[in-house]
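Peer 1: Can you keep this structure in mind? I'll have questions shortly.
Each value in this text was obtained by applying a stated rule to the coordinates, not by laboratory testing. None of the values given here were measured: they were computed from a predicted structure. Here the Cβ positions follow ideal geometry from the backbone for every residue, glycine too, while neighbour counts run over all protein chains shown.
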Amino acid sequence: MQRFVATLLALLLGGCIPIPTVHVHSQHIAQGVVPASQVAGVALTIREGLAAAWKAVKAQHARLRPTSCGAAKCYAVADVDNAIAAIRDSVRAGIPSEALPLQKAVADEIERATTLGASSPPNAIQHIRMPPGPARGGYNVEEVDGMFRRVLDYLDRIGKYDSYTPSVAFHSAPDGATYKIQVADTQLTSHTGSTDETIPTVWRGKYSGLVRKAGYKDALIVEIDLMNDRPRATCTCTLYKTKTPIENESVCRIVW
């Protein structure tokens, strides 16, 4: 028996008997393309995160105390600035990185909504304080209160979406073109493929991209704005041959 085992090992190691190789194929799923098996779990995390962010924003507003800025009422600059930073952090933390396109789109909108005008100058008449401190201006109460209302309304609307992963179809005339879309310059959010096909689940966000076919002019996808509650979008492109007149530019249109 020992001689048989020794002989078998010698044959295997010497290459006389081929050893079968097992190939393991792994499927890479780009961030932004969500597997159907994960949709429900991530969506639940998003809803819970947005609800927590809504409560955090409400709490930040309740902490502000108005003060006098001349004839108007205002909130202290430092208090408002700290509240805005906390709002942005809580909203960003409320959406998991698996939904990076959605996270970025919501964060960008919150940044716009929380950008205020210039603060009011300090009151010319200051009460005597011991020890004396620096005079402080503030943000108008009505402007800040309006900012909080906009943020809360936006979070409430996003939190009630039926789905965070609509489908996106790509068509071209002629067909057989390739496309690539992504969010800004974030490669992790990119999708690539060929026309005509449909991506069944795409994270909501704001995408742009390009459609190409050999012998034809490139078609720019200016924007696919999925920040709505519609279940699907269709990108339809008309391609013109490279030798056609300059006014015949390839173009893509988004249809809902």
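Peer 1: May I ask you to evaluate 6.51 cos²θ - 1.76 cosθ + 1.60, the Karplus curve with θ = phi - 60°, for each residue of the range 232-245 and list the ³J(HN,Hα) values in order in whole Hz, giving x for glycine and proline?
Peer 2: With coefficients 6.51, -1.76 and 1.60, one gets 7, 9, 10, 9, 10, 10, 10, 10, 10, 4, 4, 8, 6, x Hz.
Peer 1: So, one more: What does the charge add up to near Val39, with Lys and Arg as +1, Asp and Glu as -1, over the other residues with Cβ less than 14 Å from its Cβ? Please report the intermediate quantities before stating the final value.
Peer 2: Values: positive: Arg47, Arg204; negative: Glu98, Asp162.
Local net charge: 0.
Peer 1: With the crude spin-label approximation of a point 7 Å out along Cα→Cβ, what separation in nm comes out for Ala36 versus Glu223?
Peer 2: Result: 3.2 nm between the two label points.
Peer 1: When Lys and Arg each count +1 and Asp and Glu each count -1, what net charge do the other residues less than 9 Å away from Tyr207, Cβ to Cβ, add up to?
Peer 2: Charge balance in the 9 Å sphere: -1.
Peer 1: Could you derive backbone 3J(HN,Hα) for the range 50-62 from the dihedral phi with the Karplus parameters 6.51, -1.76 and 1.60 (θ = phi - 60°), listing whole Hz in sequence and x where the residue is Gly or Pro?
Peer 2: 5, 5, 5, 5, 4, 5, 5, 5, 4, 5, 4, 5, 5
Peer 1: Check cross-link reach from Lys104 to the lysines: straight Cα distance under 16 Å, and skip same-chain residues fewer than eight apart.
Peer 2: Lys206
Peer 1: Fully extended, how many nm does the chain gain between Glu197 and Asp153 (0.36 nm per residue separation, minus their Cα-Cα distance)?
Peer 2: Computed gain between Glu197 and Asp153 is 12.3 nm.
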